[in-house]
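Structure first, commentary second.
The values are calculated or read from the model by the stated rules, or taken from the named source; none is laboratory data. These figures come from a predicted structure and were not determined experimentally. With ideal geometry, Cβ positions are generated from the backbone for all residues, glycine too; neighbour counts draw on all protein chains shown. For the accessible areas, the whole protein counts, side chains as well, though only heavy atoms, and no ligand, DNA or RNA atoms are used. Shrake-Rupley method; radii C 1.70, N 1.55, O 1.52, S 1.80 Å.
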Amino acid sequence: MEHQEHAAAYLAFATDAARRAGAILRDRFGLPHDVEYKGAVDMVTEADKASEALIVGMIRAAYPDHDVLGEEGARGDDSDSPLRWVIDPLDGTTNFAHNLPIFCVSIGLMERGVPLVGVVYDPMRDELFAAVRGAGATLNGQPIRASRVDRMLGALLVTGFVYDMTARARQAHLWRVFMTRVQSIRQTGSAALNLCYVGAGRLDGFWERGLAPWDVAAGALVLAEAGGVITDFEGGPFTVDGGVLLAAAPGIHHEMLALIAEHGEYAPATADPANRQRP
Ligand code: 2AM
Ligand code: CA
């Protein structure tokens with residue numbers, strides 16, 4: 001597409017922004033936080049806001065015509081630009097607020113809804129995952145590939161749960177389906193890192209429903225450019241706005257899909273009619 005030729009410049013820009021925002025998070029890590037609750041357990045800290053303000057300020061200065069979507073409220077001003085920056089200034093906020101050092105900055109650039117550039121930066125490990133559409137994925141400049149695992153019993157999976165407790169109880173069904181068939185299942189608390197870790201072959205598969213565009217815009221490109229496969233739960237195309245993903249090494253993606261098809265995403269409807277609804 002027409003913006004591909006500028007992709008290297010966008011990548012350099014996103015890398016700089018992610019590193020600077022990551023430094024804000026690292027500097028504030030372990031300090032007391034100003035926590036607000038968006039829901040019963042969904043929190044935001046002053047660090048989320050400071051990180052987003054820095055990234056959005058950089059974008060507005062460098063690319064005033066581009067559209068912006070940030071988790072903490074940044075929006076474009078009716079921009080009709082085909083380019084949109086999709087930002088999670090702190091993915092893994094719950095970990096951060098608990099002083100658990102597993103979180104990142106996620107910056108994606110979409111061209112008419114299709115990911116063009118993705119950068120995910122973990123400031124505690126100084127790990128920067130990056131990808132440009134059609135040009136592969138890297139970790140600190142070195143190419144990464146999804147794992148070659150080809151059987152579920154050798155697979156280390158990862159997932160996450162939404163913040164709504166009723167929905168969580170239903171989501172546990174799929175966790176049980178996979179748990180008895182794989183090596184084990186992790187929950188890191190950062191969807192962006194999950195996608196990058198599958199891309200780097202550290203984890204073999206990741207499923208989740210209930211994610212927002214900023215959680216996945218950058219990581220999904222890293223995963224795909226690293227040779228991972230990403231779809232929805234039926235094997236249809238993944239979209240950043242779709243809220244659902246099954247991302248896996250190519251050798252097990254089909255088997256994960258088949259298990260979801262066989263067992264259903266949720267337990268069969270019981271006496272509880274709520275079981276028939278999706279979260
Ligand atoms: P966050 O840390 O930026 O909130 C955990 O499974 C993952 O879900 C994290 O990436 C987390 O992002 C994300 N997440 C948490 N609450 C969410 C919500 N209300 N909508 C979408 N994604 C959410
Ligand atoms: Ca966030």
Out of V105, V68, V41, which single residue is closer than 18 Å to L211 by Cβ, in a strand (DSSP E or B), within 16 Å of ligand 2 (Cβ to nearest atom) and outside the structural domain of M165 (by TED's automatic domain parsing)?
V105
Answer with yes or no whether G113 is under 14 Å from H3 (Cα atoms) and touching a residue at least 24 places away in the same chain (Cβ under 8 Å).
yes
When you scan the range 153-228 for helices (runs of 4 or more DSSP H) that lie fully inside it, which ones turn up with 1 or more residues that are among the β-branched types (V, I, T) and open to solvent by 10 Å² or more (accessible area, probe 1.4 Å)?
165-179
Can you go through R209, R202 and tell me which one is in contact with a strand residue (DSSP E or B) (Cβ under 6 Å, 6 or more places away or on another chain) and closer than 29 Å to R133 by Cα?
R209
Sole exception among (1) open to solvent by 30 Å² or more (accessible area, probe 1.4 Å); (2) more than 14 Å from ligand 1 (Cβ to nearest atom) for V35, by number:
(2)
Out of D27, D88, D16, which single residue is within 14 Å of ligand 1 (Cβ to nearest atom), closer than 24 Å to L139 by Cα and either part of a helix (DSSP H, G or I) or in contact with a helix residue (DSSP H, G or I) (Cβ under 8 Å, 6 or more places away or on another chain) (or both)?
D88
For the structure I just gave you, tell me whether D122 is within 16 Å of the chain's Cα centre (by Cα) and among the acidic types (D, E).
yes
Kindly indicate which of Y163, Y197 is modelled with pLDDT under 95, aromatic (F, W, Y) and within 16 Å of ligand 1 (Cβ to nearest atom).
Y163
Check on G57, part of a loop (DSSP other than H, G, I, E, B) and either open to solvent by 10 Å² or more (accessible area, probe 1.4 Å) or under 24 Å from N140 (Cβ atoms) (or both):
no
Considering the range 83-108, residues that are aromatic (F, W, Y) and within 21 Å of P32 (Cβ to Cβ), and then whichever is farthest from the chain's Cα centre (by Cα), we arrive at F96
Which condition number does A131 fail, the rest of (1) away from ligand 1 (no atom under 16 Å from the Cβ); (2) within 14 Å of the chain's Cα centre (by Cα); (3) assigned to a loop (DSSP other than H, G, I, E, B) being met?
(3)
Which condition number in (1) modelled with pLDDT under 95; (2) surrounded by 24 or more Cβ atoms within 10 Å (Cβ to Cβ); (3) among the polar types (S, T, N, Q) is the one that S79 fails?
(2)
Out of everything in the range 111-126 that is open to solvent by 10 Å² or more (accessible area, probe 1.4 Å) and hydrophobic (A, V, I, L, M, F, W, C), what residue ends up being nearest to V222 (Cα to Cα)?
V114
Residue pairs within 9 Å by beta carbon, gap of at least six or interchain, first lying in the range 158-171 and free of Cβ contacts under 8 Å to residues at least 60 places away in the same chain and within 16 Å of ligand 2 (Cβ to nearest atom), second open to solvent by less than 30 Å² (accessible area, probe 1.4 Å) and assigned to a loop (DSSP other than H, G, I, E, B), listed first then second, are G160/T188; G160/S190; G160/L211
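Residue-wise test of (1) over 20 Å from the mean Cα position of the chain (by Cα); (2) within 23 Å of R112 (Cα to Cα); (3) open to solvent by 30 Å² or more (accessible area, probe 1.4 Å).
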{"position": "Q4", "(1), (2), (3)": "yes, yes, yes"}
{"position": "A8", "(1), (2), (3)": "yes, yes, yes"}
{"position": "A14", "(1), (2), (3)": "no, yes, no"}
{"position": "G22", "(1), (2), (3)": "no, no, no"}
{"position": "R28", "(1), (2), (3)": "yes, no, yes"}
{"position": "E46", "(1), (2), (3)": "yes, no, yes"}
{"position": "P64", "(1), (2), (3)": "yes, yes, yes"}
{"position": "E72", "(1), (2), (3)": "no, yes, yes"}
